[in-house]
Amino acid sequence: MIISNIETIPNKAIREHLGMVQGNTVRAKHMGKDILAGLKNIVGGELSAYTELLNEARQEATDRMIVQAQSMGANAVINVRFSTSSISSGAAELFVYGTAVKVD
Amino acid sequence: MEQLIIFLVLLTLGFGFGRLNERRHFASIRQREQQYSHLLCFSFRHLPQGCHSEGQLVTGSVVVSIDYFKRIAAGLRGLLGGRITAYETLVERARREAVLRMKAEAEQLGASKVINVKLETASVFKNAQETVGAVEVVAYGTALR
């Protein structure tokens, strides 16, 4: 599975467009990590627990998108976009979408 | 009285450590920017001439929090209006760090450039007063050899 955020796959011709695929996940913050992050909030700086959490969540969303693309018979996803939104004060939604295509 | 003391302690802690943290972070950002200066990032999405690699999605993300002192300072600034430098440095740090992490991933793949770089910013940590506590920045693009 080739994932790319440009509209083409270099040196490969797109044979078929299969439509949009998407993957999302909503993650809530872990209690223990939340307290640590709260403390870190006083001195500022990187909240590595959150960076990790959001990275994992983004990977999961991407995996879901890939599963959907595979079920459509695609072998590449192009024009991929990421989006993050905070739903409530405790949770964030990670959303990935792109176009499933068949390339040779 | 006690509350005032706690407030002042937090304020000093935030001012001292926040400043130190930020200075260190900027120094490390500058150093790594030098290190990755051979890896070019472009925001256009067209393939350069004579490109023969497949291209792969690379991402970099970071969550950076603002310190207590700056949060109070930004709150006061909000009353008067104008540039809130406290937040400006926060997002600048986050963006540059995210781009650097993306470049680090591209370097591991042996890429020489990253095209169609997009930056996405989201505020992830809001407290009861709905003030911005931390921002998350994601940088992503297509790495080419």
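General observations
- Odd one out for B:Val58, checked against (1) more than 7 Å from every other protein chain (Cβ to nearest Cβ); (2) open to solvent by less than 30 Å² (accessible area, probe 1.4 Å); (3) among the β-branched types (Val, Ile, Thr); (4) within 30 Å of A:Gly38 (Cβ to Cβ): (4)
- Taken as a whole, the structure places B:Ala86 among residues that are in contact with an Asp or Glu (Cβ under 9 Å, 6 or more places away or on another chain) and free of Cβ contacts under 8 Å to residues at least 24 places away in the same chain.
- Selection status of B:Ala98, facing chain A (nearest Cβ under 10 Å), part of a strand (DSSP E or B) and either touching an Asp or Glu at 6+ places or on another chain (Cβ under 8 Å) or open to solvent by less than 30 Å² (accessible area, probe 1.4 Å) (or both): no
- Qualifying residue in the stretch A:11-24 (condition: facing chain B (nearest Cβ under 10 Å) and either open to solvent by less than 40 Å² (accessible area, probe 1.4 Å) or within 23 Å of B:Val62 (Cα to Cα) (or both)): no
Rundown of residues vs (1) open to solvent by 60 Å² or more (accessible area, probe 1.4 Å); (2) at pLDDT 90 or above, yes/no style:
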{"site": "A:Gly45", "(1), (2)": "no, no"}
{"site": "A:Ala49", "(1), (2)": "no, no"}
{"site": "A:Met65", "(1), (2)": "no, yes"}
{"site": "A:Ala69", "(1), (2)": "no, yes"}
{"site": "A:Arg81", "(1), (2)": "no, yes"}
{"site": "A:Thr84", "(1), (2)": "no, no"}
{"site": "A:Glu93", "(1), (2)": "no, no"}
{"site": "A:Tyr97", "(1), (2)": "yes, yes"}
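- Some residue of the stretch B:46-55 being in contact with a helix residue (DSSP H, G or I) (Cβ under 7 Å, 6 or more places away or on another chain) and either part of a loop (DSSP other than H, G, I, E, B) or open to solvent by less than 80 Å² (accessible area, probe 1.4 Å) (or both): no
- Residues that are of a type in the set (A, V, I, L, M) and either within 24 Å of the chain's Cα centre (by Cα) or open to solvent by less than 60 Å² (accessible area, probe 1.4 Å) (or both), drawn from the stretch B:2-16: B:Leu10, B:Leu11, B:Leu13
- Scanning the stretch B:20-40 for residues that are over 29 Å from B:Gly110 (Cβ atoms) and in contact (Cβ under 8 Å) with a residue 40 or more places away in the chain yields a count of 2.
- Some residue of the stretch B:31-45 being within 9 Å of chain A (Cβ to nearest Cβ) and either farther than 20 Å from A:Ser83 by Cβ or in contact with a helix residue (DSSP H, G or I) (Cβ under 7 Å, 6 or more places away or on another chain) (or both): no
The values are calculated or read from the model by the stated rules, or taken from the named source; none is laboratory data. Just so you know, these numbers come straight off a predicted model, no measurement behind them. Cβ coordinates were reconstructed from backbone atoms using ideal geometry, including for glycine residues, and neighbour counts include every protein chain displayed. Calculation scope for accessible area: heavy atoms of the full protein, side chains included, ligands and nucleic acids excluded. Shrake-Rupley method; radii C 1.70, N 1.55, O 1.52, S 1.80 Å.
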